[in-house]
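See below for the structure under consideration.
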Amino acid sequence: MVAPEYHLTAILSMWIPNNTQRSVLPVIAFHFVGNLTGETIGFSPELYPFVHVGMVLAVIVVVVGWSPSSLRGWGRPRPVPASDSS
């Protein structure tokens, strides 16, 4: 079973560069802060539900607060599938 935090982190990790002109530095900082928090607080298994709730709230804020169109970056058109020319 895959923990939901992987999917939620992936959503946030893709939203960040899509809304910072494809900059990777904010993603590195996001990852660093997550690792630093986990190492300094030392999450025990009892804290995992709170971590999941926090990640769900962060994703809801991103999706609802900035709209789903911000997930691919503002002003970027939807990708159009290539048409078969055969």
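Look through the stretch 1-59, keep the residues that are among the charged types (D, E, K, R) and within 23 Å of residue 71 (Cα to Cα), and return whichever of them is modelled with the lowest pLDDT.
Within the stretch 1-59, the match that is modelled with the lowest pLDDT is 5.
Restricting the stretch 8-41 to residues that are in a loop (DSSP other than H, G, I, E, B) and hydroxyl-bearing (Ser, Thr, Tyr), which is nearest to residue 58 (Cα to Cα)?
Only one residue fits best here, namely 20.
Only residues in the stretch 32-53 that are in contact (Cβ under 8 Å) with a residue 40 or more places away in the chain count as the first member; pair them with residues that are surrounded by 10 or more Cβ atoms within 10 Å (Cβ to Cβ), Cβ under 7 angstrom, at least 6 apart or cross-chain, and list the lot.
From residues that are in contact (Cβ under 8 Å) with a residue 40 or more places away in the chain, the pairs are 51/5; 51/43; 52/4; 52/5.
For the stretch 15-53, what are the residues that are loosely packed, with under 13 Cβ neighbours inside 10 Å, of a type in the set (Gly, Ala, Ser) and under 16 Å from residue 5 (Cβ atoms)?
38, 44 - these are the residues of the stretch 15-53 that are loosely packed, with under 13 Cβ neighbours inside 10 Å, of a type in the set (Gly, Ala, Ser) and under 16 Å from residue 5 (Cβ atoms).
Taking the conditions exactly as written (at pLDDT below 80 and part of a loop (DSSP other than H, G, I, E, B)), does residue 83 satisfy them or not?
yes
If I ask for residues that are in a helix (DSSP H, G or I), among the small types (Gly, Ala, Ser) and under 15 Å from the mean Cα position of the chain (by Cα), which ones from the stretch 42-69 would you list?
54, 58, 65, 69
The values are calculated or read from the model by the stated rules, or taken from the named source; none is laboratory data. These numbers were taken from a predicted model, which means no experiment stands behind them. Neighbour counts run over all protein chains shown; Cβ positions are idealised from the backbone, glycine included.
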